[in-house]
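First the structure, in the form of structure tokens, and then the observations on it.
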Amino acid sequence: MNAVEVSTVVFAPRDEIYDFLLDFTGYGRYSAYIDGIERTGDGGPGTRYDITVSWWKLDYTAHSEVTETDRPGRIDWRLVGALDAGGYWGIEPITDADELQAALPAGVDATTDGGEQREANRVVLRIEYDPSSVSGRTLSLPAFVPVDAIVDRVAPHVQGEAEAIIEDVVEDLEGKRRPVELTIHERPGSV
């Protein structure tokens, strides 16, 4: 299994961030590539999300399931079906002022107008996946389109799309738009 991990700092209460992440159906409004998200369940373990995406000549519905929750710190999930992937959303409080200052993008103030430190949390998305589970049959690719061609076309767009989505999410959680910096953790480990 390979792994990718990204994180960013969000100034909002942990419970609010947790509830936002648990309501996965709202993510669809942040990306032009998500055609729809349907939920079956209450958001807790066993809840399934069918996420339909389309880009270029690719249409795919991913079936995701919440496997475990630990309020307000973690939501574990896995894909159900042919693609072998899973991971978690983590919400980690940042209480150390030096750690917070190091994690902030340039020009972002960690204090309120009254000079108090705002509640800060690091939101982490970890994805573990088996690249060998991706194939032309898995993704229903058009005839004569190899999987490698899709990966080559998608890769340059992923980081820009992720940053734009995260900026929208942070704006909704914090109430105003600000620059958001995603930290891509180098070699977060393979399982």
Next on the checklist: Just to verify a result, which residue in the stretch 12-43, among those that are among the hydrophobic types (A, V, I, L, M, F, W, C) and in contact with a Leu (Cβ under 8 Å, 6 or more places away or on another chain), is modelled with the highest pLDDT?
Outcome noted: Ile17
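Taking the options Thr40, Thr47, Thr67, Thr61, name whichever one is in contact with a Pro (Cβ under 7 Å, 6 or more places away or on another chain), on the phi < 0 side of the Ramachandran plot and free of Cβ contacts under 8 Å to residues at least 24 places away in the same chain.
Numbers: Thr40 fails: in contact with a Pro (Cβ under 7 Å, 6 or more places away or on another chain); Thr47 fails: in contact with a Pro (Cβ under 7 Å, 6 or more places away or on another chain); Thr61 fails: in contact with a Pro (Cβ under 7 Å, 6 or more places away or on another chain).
Step by step, each of Thr40, Thr47, Thr67, Thr61 is checked, and only Thr67 is in contact with a Pro (Cβ under 7 Å, 6 or more places away or on another chain), on the phi < 0 side of the Ramachandran plot and free of Cβ contacts under 8 Å to residues at least 24 places away in the same chain.
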Checklist entry - Quick one: Ala3 ticks every box in (1) outside any strand (DSSP E or B); (2) touching a Lys or Arg at 6+ places or on another chain (Cβ under 9 Å) bar one, so which box is it? => result (1)
Checklist outcome for this item: Flagged pairs (Cβ under 7 angstrom, 6 or more apart or on separate chains; first in the stretch 105-128, within 12 Å of Ile94 (Cα to Cα); second among the charged types (D, E, K, R) and surrounded by fewer than 17 Cβ atoms within 10 Å (Cβ to Cβ)) are Ala110/Arg118; Asn121/Glu92; Arg122/Glu92
Next on the checklist: If I ask for residues that are out of contact with any Gly (no Cβ under 7 Å at 6 or more places or on another chain), modelled with pLDDT of 95 or more and surrounded by 14 or more Cβ atoms within 10 Å (Cβ to Cβ), which ones from the stretch 68-87 would you list?
Outcome noted: Pro72, Ile75, Asp76
Checklist entry - Somewhere in the stretch 28-36, is a residue outside any loop (DSSP other than H, G, I, E, B), surrounded by fewer than 15 Cβ atoms within 10 Å (Cβ to Cβ) and in contact with a Phe, Trp or Tyr (Cβ under 9 Å, 6 or more places away or on another chain)? => result no
Next on the checklist: Tell me the residue from Tyr88, Tyr60 that is outside any loop (DSSP other than H, G, I, E, B) and in contact with a helix residue (DSSP H, G or I) (Cβ under 6 Å, 6 or more places away or on another chain), please.
Outcome noted: Tyr60
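Consider Gly46 carefully, then state whether it is modelled with pLDDT of 90 or more, farther than 21 Å from Ile165 by Cα and part of a loop (DSSP other than H, G, I, E, B).
Details: modelled with pLDDT of 90 or more: yes; farther than 21 Å from Ile165 by Cα: yes; part of a loop (DSSP other than H, G, I, E, B): yes.
The answer is yes for Gly46.
The values are calculated or read from the model by the stated rules, or taken from the named source; none is laboratory data. All values reported here derive from a predicted model rather than from experimental measurement. Cβ atoms come from the backbone with ideal geometry, glycine included; neighbour counts cover every protein chain shown.
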